[in-house]
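All of the numbers you see were taken from the coordinates with simple rules; none came from a lab. This structure is a prediction, so every number in the text was calculated from the model and none was measured. All Cβ positions, even for glycine, are placed from backbone atoms using ideal geometry, and neighbour counts span all protein chains on display.
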Amino acid sequence: MTMARSFVSCDPETCLASCLPRDVTRSVLGHRRVTMNLDITGHGTWLVRLDEGTVTYGRGGVAHPTSTIRTDAATLGDLLAGRVSVADAFLSGALEIRGSMTTVLAIGGTLAPDVELPTRAQARETSAYGVRTGYLEVGAPGTRPVVLLHGLGANNSSMLPVLADLASDHRVICPDLPGFGSSAAPAWRYTPEQLHRWLRAFLDVVDARGAALIGHSLGGRVALELALRDPDAVTGLVLLCPAMAFRRRRRLTSLARLLPQDVARLPLAVPPRLLHAGTRAGLRALLADPDVVPRHWYEAAADEWELSLRHASRRRALWSALLGLYLDEPFGETGLWDRISGLEVPALFLWGDRDTLVPARFDRHVTSAVPTARSVTLRACGHVPQFEQPETTLRLIREQLAVTSRRGAVGKRRPKRARPGAGTGRIA
């Protein structure tokens, strides 16, 4: 993604004095204490403090800030003046974020409130199914709603490429799933069935029932579960490397059923530096070619992962969700593969041929079970197509949204069965 760059440099003190909001009590940050270091190329380090809605700034920084931003003076000026959003600056590489990206995105939503900027995400909170749920929202309220659902262990920032692309002509809503990001972590069993109940309630609360759902990995599985159980809640599906039930017998199923979910509450005995290195290496292993994604993305994603693991309730949620996917029943009355043939909404399944988590061989099983769905395998792609192959992924998403738009215009009805293999494809 490219970003129009400003050629006018900005003195940080002048920009902060004239453009930084002083009162954010009406935002989700209104009752939080936040410290953010601004590392500005050629201008040293500046500190922004948020103390229950009051914002101050000054020279210098703190040792352990909530977040750190690294950028140049021109980008800082563009951010503060509303010429560019945090999402666009991060995706273009003009802005590097360490620590809590959730916090930086929330602050970004308070900047230049009088300037219209389609990709400026507003951080919001609501209660859905009894769970405090944080979410990002962009786009005009009257446009078509699209809901983005992130994967296991991630948060809504992992969907930023999709959010930024669709913001110009859709109402885009991107929640943190329960147990992840800025949402609360109830002591649930985090199964697809349980999470679909939360998702149904969330759509009602944010007035997005009938939205198109775009889900990645775990988010794709949850979106699929809602579409199977309540097809009227969904206009269509785009599933990016969705976590699907293993069709063959899993060797450790019996043991997994016996593992206590609360074991994940035990403290981690891993040095922070080793944890960060391991997390970053694990993220790189998700991609077919790790070098296609800039290093600052790995650093930001690894930081968010580590922040989540510091909390016992979030470690439990992660472990429970992992067990929920591993134990997902493939066949029988509640089995995914015996129910998926009844999928009524238009769906695009997108796979990576070098995905080490969700094998692309699921493609042929989906094609056989749901011949009306479109199933596409990307070549030289791993588990995160929205970052690995953004242009192709976003083109396919928009093509599918056009299908769901036509369906919404004529009313919901079960599509005619297509011949097996009609919706398959491979893309280089």
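By its C-alpha gyration tensor, with a ≥ b ≥ c as the square roots of the eigenvalues, how is the chain shaped: rounded for a/c under 1.5, else prolate for a/b larger than b/c, else oblate?
Numbers: a/c = 1.79, a/b = 1.49, b/c = 1.20.
Verdict is prolate for the chain.
Applying a DSSP loop filter and a limit of 10 other Cβ atoms within 10 Å to the trypsin sites (Lys or Arg not before Pro) in segment 175-252 leaves ARG248, ARG249, ARG251. Residue-wise HN-Hα couplings along segment 286-297, as the Karplus relation 6.51 cos²θ - 1.76 cosθ + 1.60 with θ = phi - 60° gives them from phi, are 6, 9, 5, 10, x, 6, 6, 10, x, 4, 5, 5 Hz; Gly and Pro carry x.
With the Cα gyration tensor of segment 288-331 giving a ≥ b ≥ c as the square roots of its eigenvalues, does the rule (a/c under 1.5 for rounded; else a/b larger than b/c for prolate; else oblate) give rounded, prolate or oblate?
Working: a/c = 6.18, a/b = 1.42, b/c = 4.35.
Cα axes put segment 288-331 in the oblate bin.
Mean-square fluctuation check for the chain, GNM, Cα pairs under 10 Å: which of LEU76, LEU357, LEU274 is largest? Top of the fluctuation ranking is LEU274.
Within segment 85-176, list the GluC sites (Glu not before Pro) lying in a DSSP loop whose Cβ has at most 11 other Cβ atoms in a 10 Å radius.
Working: sites: GLU96, GLU116, GLU125, GLU137; in loops: GLU116.
Passing sites in segment 85-176 are GLU116.
What number, rounded to the nearest 500 deg cm²/dmol, is the helix-based mean residue ellipticity at 222 nm of the chain, given -39500 (n - 2.57) per DSSP H run of at least four residues and division by all its residues? Write out the running numbers ahead of the final one.
Numbers: 15 runs with 152 residues, N = 428.
Taken over the chain, the calculation gives -10500 deg cm²/dmol.
Relative to the longest principal axis of the Cα atoms of the chain, the long axis of helix 272-285 makes an angle of roughly 50 degrees.
Sequence gap at least 6, Cα distance under 8 Å: using those rules, report the relative contact order of the chain to the nearest whole percent.
Numbers: 892 pairs, mean separation 53.0, N = 428.
It rounds to 12 percent for the chain.
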